[in-house]
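Worksheet: the structure to be examined is printed underneath.
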Amino acid sequence: QVQLVESGGGLVQAGGSLRLSCAASGRTFSNYAMAWFRPAPGKERAFVAGISWSGDTYYADSVKGRFTVSRDNTKNTVSLQMNSLKPEDTAVYYCAASLSRGMSYWSGSYSSWGQGTQVTVSS
């Protein structure tokens, strides 16, 4: 398993931007699919965005066109660029890692989790 540490959360006004980063330990980072989750009504952790080991990206409908996920396998990091933020984006954001070959939208597929970073968007 990899160890994950998120950073970059904070307070921003609606319409603003934040960039979250997740640093992973371990030499096999490139083998992992990486994703970002946040709590949602009825779900402890709902899929926000993900990037496969091959670099394919996936997004929840609510963030498409506003958020961009990327990874740097040389630095063992995954990032989430969040633009045009809305008050409803306010949440604790969690980074997660999975050895699944495909991209899973289900939190149960992920074996490693970060501690979470708070994002607050004011109106």
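Would you mention how many residues in the range 55-90 are in a loop (DSSP other than H, G, I, E, B), among the polar types (S, T, N, Q), open to solvent by 40 Å² or more (accessible area, probe 1.4 Å) and out of contact with any Leu (no Cβ under 9 Å at 6 or more places or on another chain)?
So the count comes out to 5.
If I go through the range 36-46 residue by residue, how many of them are touching a strand residue (DSSP E or B) at 6+ places or on another chain (Cβ under 8 Å) and either open to solvent by 20 Å² or more (accessible area, probe 1.4 Å) or outside any strand (DSSP E or B) (or both)?
Adding up the residues that qualify gives 4.
Show the residue pairs meeting these rules: Cβ distance below 8 Å; 6+ apart or different chains; first residue within the range 79-103 and closer than 11 Å to G9 by Cβ; second residue at pLDDT 95 or above and part of a helix (DSSP H, G or I).
Note: pairs meeting the criteria are M82/D89.
Name, by its number, the condition in (1) of a type outside the set (A, V, I, L, M, F, W, C); (2) surrounded by fewer than 16 Cβ atoms within 10 Å (Cβ to Cβ); (3) touching an Asp or Glu at 6+ places or on another chain (Cβ under 8 Å) that does not hold for Y93.
(2)
Just one of S25, S79, S54 is touching a Lys or Arg at 6+ places or on another chain (Cβ under 7 Å) and of a type outside the set (A, V, I, L, M); which is it?
Unique residue meeting the criteria: S79.
Which one is farthest from L4 (Cα to Cα), of the residues in the range 15-35 that are surrounded by fewer than 20 Cβ atoms within 10 Å (Cβ to Cβ) and in contact with a Gly (Cβ under 8 Å, 6 or more places away or on another chain)?
R19
Which numbered condition trips up Y59, out of (1) in contact (Cβ under 8 Å) with a residue 24 or more places away in the chain; (2) touching a strand residue (DSSP E or B) at 6+ places or on another chain (Cβ under 6 Å)?
Of everything listed in (1) in contact (Cβ under 8 Å) with a residue 24 or more places away in the chain; (2) touching a strand residue (DSSP E or B) at 6+ places or on another chain (Cβ under 6 Å), Y59 misses just condition (1).
I'm trying to understand the selection: among the residues of the range 1-32, which are small (G, A, S), assigned to a loop (DSSP other than H, G, I, E, B) and in contact with a strand residue (DSSP E or B) (Cβ under 7 Å, 6 or more places away or on another chain)?
Scanning the range 1-32 gives G8, G9, A14, S17.
Pick from the range 104-121 the residues that are hydroxyl-bearing (S, T, Y) and touching a residue at least 40 places away in the same chain (Cβ under 8 Å): which of them is most open to solvent (accessible area, probe 1.4 Å)?
Only one residue tops the list, namely Y105.
The values are calculated or read from the model by the stated rules, or taken from the named source; none is laboratory data. Here the structure is a predicted model, which means the values were calculated and not measured. Don't worry about glycine lacking a Cβ; one is built from the backbone with ideal geometry, like all the others, and counts go over all protein chains shown. Keep in mind that these areas ignore ligands, DNA and RNA; they rest on the heavy atoms of the full protein, side chains included. Shrake-Rupley method; radii C 1.70, N 1.55, O 1.52, S 1.80 Å.
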